[in-house]
Amino acid sequence: MELTEKAEEILETLWIRMLEEKQGPVPEQELEANSDQPLTELLSAGYITRNNSLVGLTEEGRPSAENVVRRHRLAERLLVDVLDAGDEVNHEKACKFEHLLDRGLDDAICSLLGHPKVCPHGKPIPQGNCCRQMRESASRLVSPLSQLMDGQEGKVAYIYAPKLDQLQKLTAMGILPGVAIRVTQTFPTYVFEVGQSQFAVDKDIAEAIYIRLSAEKIKTSNPKPGYKIRERWGWKRW
C-alpha cells in the first residue's frame, strides 16, 4: 500500500519509540501530525491502533514501519558515505532523501554501501533481503576492509565496532572516518597502510572498518599461503 510521506514519518516514530526504545504507545500530540488525515490513513490500512489519544503499532504495520526506518538510515549513510555530506546530514535531509529510495531500490543502495549495519549516528539499520542473501553489487562503493583485495584503497567511511576492545584497538591505530587507507595484504592476515604505518589485523577487526573506495586496482587472485609482506616502514600486528 502506498502511503503519504507524513504517514510514513508517523510509522517511523512509532517503530523507534515502541520497538527500539521500548516506550509503548505514543501520545498523539507527539507524532507531529498536522491533521487527522495521516492517522486515519494508517488506521484504514490496519497499521496502527488509536486508544485514548495513544497511538500504537500493529503487527500488520511493523514491516512497513521497519522499511521506512531502513530507508531513512540508508539515506543517511548514502548522504555521508557517497555524497560526502559530512556533518551537514540531518533528519530533514534524510527524510527527503528516503522517499526517493523506493522499495527495491533500497536493496540496491544497501548493496552499493556494503550492507551497513548502523547509520552515521550509530543506530542499527534493519536488514533487508539483500543483507540476508548477502547479494553483492558489481559497483560497490563502500565495503568492509575484510572484503577488499590487495592494492585497493580509499578512506574510512565509518567504523562498526560493538565491542569496546575492538574500538580501542582501532582508535590506537588512528582509524577514524576520513583517514586514507590502503590494503597491502589479505592473507594470511589483513595488512593495511595508514599514513606512515602499516598494521596487521585479524578478520574481526577488518570487518569493523568500512572503506569508501577510490579507484579500484583489479587483481585476479589473493596471495598464496606463505606470502611474505614486503617491509616498507615495518608493520605491527594487532
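Can A75 be described as within 23 Å of C110 (Cβ to Cβ) and at pLDDT below 95?
Answer is yes for this residue.
Which ones in the stretch 161-180 are surrounded by fewer than 17 Cβ atoms within 10 Å (Cβ to Cβ) and in contact with a Lys or Arg (Cβ under 9 Å, 6 or more places away or on another chain)?
Selection gives P162, P177, G178, V179, A180.
Go through the residues of the stretch 54-61 one by one and say whether even a single one is among the hydroxyl-bearing types (S, T, Y), over 28 Å from the mean Cα position of the chain (by Cα) and surrounded by fewer than 18 Cβ atoms within 10 Å (Cβ to Cβ).
Scanning the stretch 54-61 turns up no residue that is among the hydroxyl-bearing types (S, T, Y), over 28 Å from the mean Cα position of the chain (by Cα) and surrounded by fewer than 18 Cβ atoms within 10 Å (Cβ to Cβ).
Listed here are the residues, each with its yes/no results for (1) open to solvent by less than 20 Å² (accessible area, probe 1.4 Å); (2) closer than 19 Å to R70 by Cα; (3) in a helix (DSSP H, G or I).
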| position | (1), (2), (3) |
| --- | --- |
| E8 | yes, yes, yes |
| W15 | no, yes, yes |
| P38 | yes, no, yes |
| E41 | no, no, yes |
| S44 | no, no, yes |
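Go through (1) under 12 Å from L145 (Cα atoms); (2) under 21 Å from the mean Cα position of the chain (by Cα); (3) in contact (Cβ under 8 Å) with a residue 40 or more places away in the chain and name the single condition I181 misses.
Of (1) under 12 Å from L145 (Cα atoms); (2) under 21 Å from the mean Cα position of the chain (by Cα); (3) in contact (Cβ under 8 Å) with a residue 40 or more places away in the chain, only one is false for I181: (3).
When the residues of the stretch 181-198 are filtered to those that are aromatic (F, W, Y) and under 20 Å from S214 (Cα atoms), which remaining residue is surrounded by the most Cβ atoms within 10 Å (Cβ to Cβ)?
Filtering the stretch 181-198 down to residues aromatic (F, W, Y) leaves 187, 190, 192.
Retained after the next criterion (residues that are under 20 Å from S214 (Cα atoms)): 190, 192.
Working: Y190: 22, F192: 25.
The qualifying residue surrounded by the most Cβ atoms within 10 Å (Cβ to Cβ) is F192.
The values are calculated or read from the model by the stated rules, or taken from the named source; none is laboratory data. Remember, it's a predicted structure, so these values are computed and weren't measured experimentally. No Cβ is skipped: glycine too gets one built from the backbone with ideal geometry, and neighbour counts run over all protein chains shown. Side chains included, ligands, DNA and RNA excluded: accessible areas come from the protein's heavy atoms. Shrake-Rupley method; radii C 1.70, N 1.55, O 1.52, S 1.80 Å.
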